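> Okay, here's the structure, questions in a sec.
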Amino acid sequence: MIDFRYHLVSIVSIFLALAVGIVLGAGPLKGDLGTRLTQETTSLRADKAALRTQLDAAQRGTDARDSFSSAIAPGIINAKLTAKTVALVIAPGADSDLVKNTTASLVAAGAKVGSNITLTDAWADPAKRTFRNTLADQLATLVKAPLAANNPDELAATVLARAILGGKDNSTQRVDPAASAALDGLKAGDLVKVSPDQIVPSSSAVFVGGPVKGSSQQDIDARLASYVQLVRSLESAGSGVVVVSPSQAINLKDSPDLVTAVRKDSDAAKVVSTVDDADLPMGQVTVVLALAQQYSGGNGQYGLAADAKAIAPDMTAKQ
């Protein structure tokens, strides 16, 4: 059993340690310690002020860049897409402001938005792939889609692409009854939402990407593969396709972003254009220029991400 002397020694030790600390703190260490703390505090305050100055300068630069881009955009994109009809394909969860601004940029460039096709989560859900393929098999003949598919989800993607694309420049015609029936089938299967009710066949498409989420990395990869397949099918059925995403999406390392997935797909990257900063005013200009380039048979990977090949298409090149 611990006796009283043990407790007494412990208590004495504690008070002795406190006394030594008080003596040292009030004596030889007092000046040096106080001076060091004051110097470190002053240094930290100076660092904070410098960082704030740098941040403010960077923000002013960003604001100036966006203001300049907005000011010159109308003159750059004017008439770049005159008489073109463009389908807007919208991934689940895509930013509504990005969709609105992209629509406005296309219209300002002289294009007409022939349809807004919003994909539901079921479009890329791996658990519903069998359902999608079965439904697409029933709808394929309406748009003369070949039944032999080389990749998962290829048939469903081909049905959608052929239903909304194939239009001519300056088209005012409505989609033909067979294509309309195919779209109705996809809507009934809760794979897409379509507006307006009477769409106009388009000659090209802009695919607005959204966040890709899943229960596992395998799930995410399968969803991305489904979207990339749709991108390929849109390119095959029309005169061009541009895939866009906001710049925030590429700031996260290994972000499951559609633009990144398209760039990693060697077949798609050879023919499809991508823009990874479409939420910025300069990115909106790039979207228009990239689509105009698509109509001329060119393509490119544009934006601010590390895997982008250029900021924007070469404006000195003939388009």
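> Assigning unit charges at the beta carbon (Lys, Arg +1; Asp, Glu -1) and nothing else, what dipole magnitude in debye, to the nearest 20, does the chain show about its Cα centre?
380
> Right, another one. Evaluate the relative contact order of region 78-302 (contact order divided by residue number), counting alpha-carbon pairs under 8 angstrom at least 6 apart; express in whole percent.
23
> What does the net charge come to around Lys309 if you take all other residues with beta carbon closer than 12 Å to its beta carbon, with K and R at +1 and D and E at -1?
Local charge sum for Lys309: -2.
> Net charge within 13 Å of Ala182 by Cβ-Cβ distance, Lys/Arg positive one each and Asp/Glu negative one each, not counting Ala182 itself?
Net charge in that neighbourhood comes out at 0.
> Which of the peptides 55-68, 298-311 is most tightly packed, and how do the rest follow, judged by the mean count of other Cβ atoms within 10 Å per residue?
Listed from highest to lowest mean packing, they are 298-311, 55-68.
> Ok, one more. Under 5 Å between amide hydrogens, which residues at least 5 positions from Phe207 or on another chain qualify, with H placed 1.01 Å from N in the peptide plane?
Val89, Val242, Val243, Val244
> If you don't mind, there's one more thing I want to ask. For percent of Cα pairs over 37 Å apart, which listed value, [x] 22; [y] 19; [z] 33, comes from the coordinates shown?
Of the listed options [x] 22; [y] 19; [z] 33, [z] comes from this structure.
> Over the chain, with a Gaussian network built from C-alpha contacts below 10 Å, which listed residue (Lys112, Lys144, Lys84) shows the highest mean-square fluctuation?
Among Lys112, Lys144, Lys84, the largest GNM mean-square fluctuation belongs to Lys144.
> Amide H to amide H, which residues 5 or more places from Val271 or on other chains are under 5 Å from it, using H placed in the peptide plane?
Amide H neighbours of Val271: none.
> Can you give the % of DSSP beta bridges in the chain that are antiparallel, to the nearest 5?
15
> Going highest first, how would you order 272-283, 115-126 by mean Cβ packing within 10 Å?
By packing density, highest mean first, the sequence is 272-283, 115-126.
> Now for a different question. Cross-link candidates for Lys193: which aspartates and glutamates have Cα within less than 12 Å, leaving aside residues fewer than 8 places away along the same chain?
Straight-line reach from Lys193, under 12 Å: Asp121, Asp184.
> Still on this model: Report, ordered by chain and residue number, the aspartates and glutamates lying within cross-link reach of Lys128, taken as a straight Cα distance under 17 Å and ignoring same-chain residues fewer than 8 apart.
Once the sequence-local aspartates and glutamates are set aside, what remains near Lys128 is Asp137, Asp153, Glu154, Asp190, Asp219, Asp221.
No lab work stands behind these numbers, since they all come straight from the coordinates. Bear in mind that the values here come from a model prediction, so they are computed numbers and not experimental data. Ideal geometry is used to build each Cβ from the backbone, glycine not excepted, and the neighbour counts take in all protein chains shown.
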